[in-house]
2 protein chains.
Amino acid sequence: MAYHVHALSSSSPNSTSTMATQGFQFNHTMYRVKDYKKSLDFYTRIMGMSLLDTHEGGDFTLFFLAFDKPGVNETAEEKKAGKFSREGILELTYNHGTEKEEGDVYSNGNSDPGRGFGHIAITVPDIKAACEYFESQGVNWKKRLTDGKMKNIAFILDPDNYWIEIVESKLRL
Amino acid sequence: MAYHVHALSSSSPNSTSTMATQGFQFNHTMYRVKDYKKSLDFYTRIMGMSLLDTHEGGDFTLFFLAFDKPGVNETAEEKKAGKFSREGILELTYNHGTEKEEGDVYSNGNSDPGRGFGHIAITVPDIKAACEYFESQGVNWKKRLTDGKMKNIAFILDPDNYWIEIVESKLRL
């Protein structure tokens, strides 16, 4: 199959969409979590993300997380104010009380019914070191580096069993 | 409720996770699409993203998309090689033949069974201008700016009915 990468890309500098979509950013991805305490512990203490902001919505609470970047939104006030002005934000929605329910509350998107969403991916400078670190933290695995055919990617599971792909930043497909 | 934002964030410079997670990036979000031609047209021509790379996996094909950023991966070769070294990538998985099936193939995550994933969000410099542009392109809406209580966000639908939130970059919650 031929996919005509260049013909499909919007790189033409004078196209309507290039003008109208100037400054657009893929800011965040949102999924729901059963127990915000477990999720925040996982994404901050283990994954190393910063909690930028929280938002109370009445019967739900939103949590905005991201990896810190040198020179970008370094203070707590900058993190909060700048959360819609950068890429790489993870928004977790906690519907109050779900942590009291038995078993899984949400679908991770990878089995029917409910298949659609697949995973988020974290890229890392050194995948072996990262996987050794995750092992030391006792994370749950969907696929260790040594499992299956693809020896250059791993999948860990977050507290709701959402898949998190681990990929080395310099991987070439 | 008190969420102890600062206590939960991993901003302590000497913590184990800060050392081990140095250089981690939230690189991409993956979901499955029924008809890659419709999805690529939507994400490139209407949304203004660039197709960075494709990957053939036998009975599936992966498409990597992102918004161009000034000075970042400007050539086709840089876009392809650098796709795991930046944030804000959308990965679409096309399982060959799904476009021939009747009706919706995938769940968008927002109704049971299958609730979990919620949406991706695109932040824009001017939300009124962006929504007028989407209207001119004939996109499908989940929520126009004028619908419902929240007058400062909108939701459009992609060809698989995944929700895309539109938020102004300078919004303060």
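The values are calculated or read from the model by the stated rules, or taken from the named source; none is laboratory data. The structure displayed is predicted, hence computed values, not measured ones. Positions of Cβ are backbone-derived with ideal geometry, glycine not excepted, and every protein chain shown enters the neighbour counts. Ligands, DNA and RNA are excluded from the accessible area calculation, which covers all protein heavy atoms including side chains. Shrake-Rupley method; radii C 1.70, N 1.55, O 1.52, S 1.80 Å.
Since only A:GLY71, B:ILE46, B:MET150 are under comparison, the one whose Cα sits farthest along the positive direction of the charge dipole of the protein assembly as shown, derived from C-beta charges on Lys, Arg, Asp and Glu, is A:GLY71. Taking every DSSP beta bridge that has both ends in the protein assembly as shown, the antiparallel portion is near 70%.
Taking every DSSP beta bridge that has both ends in region B:119-173, the antiparallel portion is near 60%.
Once all protein chains are placed together, B:ARG86 keeps about 20 Å² accessible to a 1.4 angstrom probe.
Summing Cβ point charges (Lys, Arg +1; Asp, Glu -1) relative to the Cα centre of region B:36-97 gives a dipole of roughly 180 debye.
Distance between the 7 Å Cα→Cβ label points at B:GLU78 and B:ASP126: 2.8 nm. Taking the Cα centre of the protein assembly as shown as reference, the dipole from Cβ charges on Lys and Arg (+1) and Asp and Glu (-1) amounts to some 340 debye. With a threshold of 21 Å on the Cα-Cα distance, the over-threshold entries among A:LYS34/A:LYS142; B:LYS37/B:LYS100; A:LYS69/B:LYS143; A:LYS149/B:LYS34; A:LYS83/A:LYS142 are A:LYS69/B:LYS143; A:LYS149/B:LYS34; A:LYS83/A:LYS142. Shown in residue order for region A:137-149 are the 3J(HN,Hα) couplings computed by the Karplus curve 6.51 cos²θ - 1.76 cosθ + 1.60 at θ = phi - 60°: 8, x, 5, 8, 10, 8, 7, 6, 3, 7, 7, x, 7 Hz (x for Gly and Pro). Interface residues of region B:31-72, defined as those losing at least 50 Å² of solvent-accessible heavy-atom surface relative to the isolated chain (probe radius 1.4 Å), are listed as B:ARG32, B:LEU51, B:PHE67.
Please get the size of the charge dipole for region B:23-173, origin at its Cα centre, with Cβ charges of +1 on Lys and Arg and -1 on Asp and Glu, quoted in debye to the nearest 20. Don't skip to the answer; put the middle values down first.
Numbers: 20 positive and 24 negative charges, 125 e Å.
About 600 debye.
Quick check for you: with a 1.4 Å probe and neighbouring chains kept, what is the accessible area per residue of region B:45-101, in Å²? Don't skip to the answer; put the middle values down first.
Working: 2240 Å² over 57 residues.
Roughly 39 Å² per residue, with all protein chains present.
May I ask you to derive the relative contact order of chain A, considering only C-alpha pairs under 8 Å and at least 6 residues apart, and to give it as an integer percent? Intermediate results must be reported in sequence, preceding the final value.
Details: 239 pairs, mean separation 33.6, N = 173.
Relative contact order for chain A comes out at 19 percent.
Buried accessible surface for the A/B pair, both sides summed and rounded to the nearest 100, is 6900 Å² with a 1.4 Å probe.
Within region B:27-106, DSSP assigns beta bridges of which about 70% are antiparallel (rounded to the nearest 5). Taking all protein chains as they are arranged and a probe of 1.4 Å, the heavy atoms of A:ASP53 leave approximately 10 Å² accessible to solvent.
Provide the three semi-axes, in whole Å and in decreasing order, of the ellipsoid equivalent to chain B as defined by the square roots of 5 times the Cα gyration tensor eigenvalues. All intermediate terms of the calculation are to be shown ahead of the outcome.
On the way: eigenvalues 152, 116, 70 Å².
The answer is 28, 24, 19 Å, longest axis first.
Please arrange B:LEU92, B:LEU62 by accessible surface area, largest first, computed with a 1.4 Å probe and ligands excluded. If you can, show how the numbers build up before the last one.
Working: B:LEU92 0, B:LEU62 20 Å².
These residues rank, largest area first, as B:LEU62, B:LEU92.
Hey, with R₀ at 45 Å, roughly what FRET efficiency would B:ASN152 and B:LYS100 work out to, going by the Cβ-Cβ distance, to 0.05? Provide the component values of the computation, followed by the final result.
On the way: r = 40 Å, r/R0 = 0.90.
E(calc), rounded to 0.05, equals 0.65.
What's the longest uninterrupted piece of chain A once you rule out the GluC sites (Glu not before Pro) that are loop residues per DSSP with at most 11 other Cβ within 10 Å?
Of all site-free stretches, the longest is A:1-100.
By accessible area, using a 1.4 Å probe on protein heavy atoms only, the protein assembly as shown has 51% of its surface on carbon and sulfur. Over the protein assembly as shown, DSSP H runs of length four or greater, each weighted -39,500 (n - 2.57), average out per residue to a 222 nm ellipticity of -4000 deg cm²/dmol.
Kirkwood radius, region A:119-173, all distinct C-alpha pairs, inverse of mean reciprocal distance: 11.2 Å.
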